[in-house]
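Report on one structure; see the data block that follows.
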Amino acid sequence: GDVIILLSNDVRLHGDICKETVRLLEVLPNKYLVGGRYLDFNTCWNTFGDKIFPYLEVLLLAATNDVWFDLGYFDERFVPSDMEDVDISTTAISCGYGLAELPTHLTTHIGGQSIGFNPAREAITIANKEKFRKKWMEND
């Protein structure tokens with residue numbers, strides 16, 4: 001179909017997530033990125049000084065093919081993990097797209113199962129936060 005749904009490997013699904021995601025995308029205006037959780041408060045991941053970047057947690061992200069193409073997909077600077085969700089959400093907002101949350105009862109995010117929580121991951125997170133800061137705040 002016309003919808004691409006990305007799902008993290010540490011998410012449990014409750015119900016027909018594909019049907020619910022497509023249904024939500026059909027009722028929203030065509031300029032939306034849909035995700036599992038919308039976070040617009042200080043999560044530590046998304047706060048730089050006094051600026052908070054709202055984002056959809058990458059446990060699940062969905063959009064039409066056209067939206068993904070317009071957003072340019074994920075920025076490879078953030079491989080292998082961390083900050084890619086804050087970045088794609090910031091890209092969406094900067095392109096005039098909205099962010100919409102799926103009903104929270106549809107997913108449970110276990111968290112930390114892909115690469116765990118360890119010193120190596122902490123180093124990646126710190127490096128990617130700096131990449132994000134440079135990308136989105138250096139010209140402020």
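The values are calculated or read from the model by the stated rules, or taken from the named source; none is laboratory data. Every value quoted in this text rests on a predicted model; they were computed, and no experiment measured them. Don't worry about glycine lacking a Cβ; one is built from the backbone with ideal geometry, like all the others, and counts go over all protein chains shown. SASA here: full protein model, heavy atoms, side chains in, ligands and nucleic acids out. Shrake-Rupley method; radii C 1.70, N 1.55, O 1.52, S 1.80 Å.
The set of residues in region 15-36 being open to solvent by less than 80 Å² (accessible area, probe 1.4 Å) and more than 24 Å from Thr90 (Cβ to Cβ) consists of Gly15, Ile17, Cys18, Glu20, Val22. Applying the criterion of at least 2 residues that are under 15 Å from the mean Cα position of the chain (by Cα) and of a type in the set (D, E, K, R) to the helices (runs of 4 or more DSSP H) found wholly in region 1-109 leaves 84-94. The residue that is surrounded by the most Cβ atoms within 10 Å (Cβ to Cβ), counting only those in region 1-14 that are closer than 19 Å to Leu71 by Cα and in contact (Cβ under 8 Å) with a residue 60 or more places away in the chain, is Val3.
Take Asn42 and tell me if it is open to solvent by 50 Å² or more (accessible area, probe 1.4 Å), more than 15 Å from Lys135 (Cβ to Cβ) and without any contact (Cβ under 8 Å) to a residue 40 or more places away in the chain. Spelling it out, Asn42 is indeed open to solvent by 50 Å² or more (accessible area, probe 1.4 Å), more than 15 Å from Lys135 (Cβ to Cβ) and without any contact (Cβ under 8 Å) to a residue 40 or more places away in the chain.
Residues are listed down the side, and each one gets a yes or a no for (1) open to solvent by 80 Å² or more (accessible area, probe 1.4 Å); (2) modelled with pLDDT under 95:
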position	(1), (2)
Tyr73	yes, yes
Pro80	yes, yes
Val86	no, no
Thr91	no, no
His105	yes, yes
Gly111	no, yes
Ile115	no, yes
Ala120	no, yes
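Collect the residues in region 45-68 that are of a type in the set (Phe, Trp, Tyr) and within 22 Å of Arg23 (Cβ to Cβ), keeping them in residue-number order. Don't jump to the end; show me each part of the working.
Of region 45-68, the ones of a type in the set (Phe, Trp, Tyr) are 45, 48, 53, 55, 68.
Of everything in region 45-68, just one residue is of a type in the set (Phe, Trp, Tyr) and within 22 Å of Arg23 (Cβ to Cβ), namely Trp68.
For region 27-35, the criterion of a residue being modelled with pLDDT under 90 and under 25 Å from Ile124 (Cα atoms) is satisfied by at least one position.
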